[in-house]
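Below you'll find the structure, written out as structure tokens, and then a few comments.
The values are calculated or read from the model by the stated rules, or taken from the named source; none is laboratory data. Quantities reported herein were computed from a predicted structural model and do not represent experimental measurements. Neighbour counts run over all protein chains shown; Cβ positions are idealised from the backbone, glycine included. SASA here: full protein model, heavy atoms, side chains in, ligands and nucleic acids out. Shrake-Rupley method; radii C 1.70, N 1.55, O 1.52, S 1.80 Å.
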Amino acid sequence: MKNRQVAIAELPKERLTEAHFAVRDADIPAPGKGEVLLRTVLISIDAAARAWMQGATYRDAVGPGDAMPCFALSEVMESNSDRFQAGDIVTSENVWCDYNVLPAKKLTKVPDIRPLTHMMSVYGVAGRTAFHGLVGVGRPIAGETVLVSAAAGAVGCFVGQIAKAMGCRVVGIAGGAEKCAWVKDDLGFDACVDYRDPGMFKELKAACPDGVDVYFDNVSGQVLETALFLMNERGRVVCCGAISQYDKAGGTGPRNLPGLVVVKRLRMEGFIVSDFAREDAAATRALQTWVSNGQIKVIEDVVEGLENTPAALIGLLAGENKGKRMVRVGPDPA
Ligand SMILES: NC(=O)c1ccc[n+]([C@@H]2O[C@H](COP(=O)([O-])OP(=O)(O)OC[C@H]3O[C@@H](n4cnc5c(N)ncnc54)[C@H](OP(=O)(O)O)[C@@H]3O)[C@@H](O)[C@H]2O)c1
């Protein structure tokens, strides 16, 4: 068996390129006591991976020579733990590689729901982040207006569809006319505005005639600044991520903070999806219901081949993807 890893060759100072990564051959260690040998099936491509290269976040910073960390879905090949056996499907923190040995206590067994890609998208981190951030933090009420940025992306496409299923008016923000039309026509949002359009504020104002009650922020920066002007009194701003700030040096934070939070009595709250782990089963049940009755379309963007993980991440940061981007490293278990 051949094992490859994709490691960080050099940390980016500004825009991420393929030169920041190197593919290398690696040994496959034999699993020790309590350890498990895993074959990678799918790697989640997450915007946050770029933020890990900027320094410590909710996880340690990564540095040159490190195999690139990720969240992955794998098949158990060999197990020295009572909890797992060959053929089990597990998710875990992992690295960009074909094979890895990890302690059993770091693995979570997942149900064999096919297609397995759904365990990465709607029933994975993306769907759960959307559900917990919107329902647990934003707490929209039917009839309210929900605005979401990176609306065509993994988290954003589920946020909007969940809000719609909850009876809200839903407005997206995305990059480019084609993506905006897709968000409206294919995902069923009430409107979608292009953040690259210099007239974004006017467009958003027209799309949200009753103001915004919940803004789900995936991007921060200029878009957050604009959204704050449209918030209604006692509105909720869900801080999920800051993708506009990850792939460049220096930040451009909103200039109307904390002024508008005070004047409009806003609640602005950040969260990490794992904060809501105790609600995961409820989230999965709700998502399964909406998927099975057609209220949520599962949008996935699968890139083939471990060697293409750097390009997949770079492309995600440039807005290439619609829905949940992931890399297929190997076939689904039989
Ligand atoms: N809090 C948590 O627990 C948690 C968990 C998972 C993800 N997140 C966060 O959720 C956000 C979305 O992540 P994701 O993995 O679902 O990625 P994604 O939305 O599938 O992909 C990122 C999208 O961001 C948009 N984008 C890129 N640069 C931008 C910019 N400068 N301004 C505005 N939009 C830009 C691009 O779409 P366009 O074509 O529209 O530009 C791109 O498709 C990220 O901020 C991530 O860090 C948070």
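Structure data summary
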{"quantity": "Per-peptide average of other Cβ atoms within 10 Å, ordering 124-134, 53-63 highest first", "calculated": "124-134, 53-63"}
{"quantity": "Spread of Cα-to-Cα distances over 5 Å intervals beginning at zero, given as percent, for the range 28-181", "calculated": "2, 9, 15, 15, 16, 15, 12, 8, 5, 3, 1, 0"}
{"quantity": "Extension reserve of the K105-D197 stretch, reckoned as 0.36 nm per residue once the Cα distance is removed", "calculated": "28.3 nm"}
{"quantity": "The chain: angle of helix 154-165 to the longest principal axis, Cα-based, in degrees nearest 10", "calculated": "50"}
{"quantity": "The range 163-320: Rg to Rh, with Rh as the Kirkwood radius over Cα pairs", "calculated": "0.97"}
{"quantity": "At q = 0.07, 0.13 Å⁻¹, base-10 log of I(q)/I(0) for the chain (Debye sum, equal scatterers on each alpha carbon)", "calculated": "-0.29, -0.97"}
{"quantity": "Relative frequency of Cα-Cα separations exceeding 16 Å in the range 283-334, percent", "calculated": "55"}
{"quantity": "Highest average packing first - 240-250, 67-77, Cβ atoms within 10 Å", "calculated": "67-77, 240-250"}
{"quantity": "Distance between the range 181-241 and the range 11-72 - C-alpha centres, whole angstrom", "calculated": "33"}
{"quantity": "D332/R234 FRET efficiency (R0 41 Å; Cβ-Cβ; nearest 0.05)", "calculated": "0.30"}
{"quantity": "Scattering curve values for the range 163-202, log₁₀ I(q)/I(0), Debye with Cα scatterers, q = 0.19 Å⁻¹", "calculated": "-0.51"}
{"quantity": "Acute angle (nearest 10 degrees) that the helix 280-292 long axis makes with the longest principal axis of the chain, alpha-carbon atoms", "calculated": "70"}
{"quantity": "The chain: relative contact order as a whole-number percent, Cα under 8 Å and 6+ apart", "calculated": "19"}
{"quantity": "Most mobile listed residue (G143, G160, G175) in the chain, GNM with C-alpha springs under 10 Å", "calculated": "G143"}
{"quantity": "Computed Kirkwood radius, in angstrom, where 1/r is averaged over Cα pairs of the range 1-101", "calculated": "14.5"}
{"quantity": "Cα centroid of the range 256-282 to Cα centroid of the range 156-173, whole Å", "calculated": "17"}
{"quantity": "The chain: calculated mean residue ellipticity at 222 nm from DSSP helix runs of at least 4, using -39500 (n - 2.57)", "calculated": "-6500 deg cm²/dmol"}
{"quantity": "Mean separation of Cα contacts under 8 Å, 6 or more apart, over the residue count of the range 157-243: relative contact order %", "calculated": "22"}
{"quantity": "Mean Cβ count within 10 Å, highest first, over the residues of peptides 149-158, 221-230, 267-276", "calculated": "149-158, 221-230, 267-276"}
{"quantity": "Lone cysteines, the chain (no partner Cβ under 4.7 Å)", "calculated": "C70, C97, C157, C168, C208, C239, C240"}
{"quantity": "Carbon plus sulfur fraction of accessible area for the chain, probe 1.4 Å, in percent", "calculated": "52"}
{"quantity": "Computed lengthening from I141 to K2, 0.36 nm per intervening residue step minus Cα-Cα distance", "calculated": "44.8 nm"}
{"quantity": "Cα convex hull volume per residue for the range 93-226 (Å³)", "calculated": "148"}
{"quantity": "Nearby lysines by direct alpha-carbon distance to K106 (threshold 20 angstrom, same-chain neighbours under 8 apart not counted)", "calculated": "K33"}
{"quantity": "Total charge dipole magnitude, the chain, about the Cα centre, Cβ charges on Lys, Arg, Asp, Glu only, Debye to nearest 20", "calculated": "780"}
{"quantity": "Rg/Rh ratio calculated on Cα atoms of the range 227-319 (Kirkwood radius)", "calculated": "1.06"}
{"quantity": "Inter-label distance, nm, simple model (7 Å from Cα along the C-beta direction), N293/K264", "calculated": "3.1"}
{"quantity": "Solvent-free Debye scattering, log10 I(q)/I(0), computed from the Cα coordinates of the range 183-254 at q = 0.11, 0.23, 0.25, 0.27 Å⁻¹", "calculated": "-0.29, -1.17, -1.30, -1.38"}
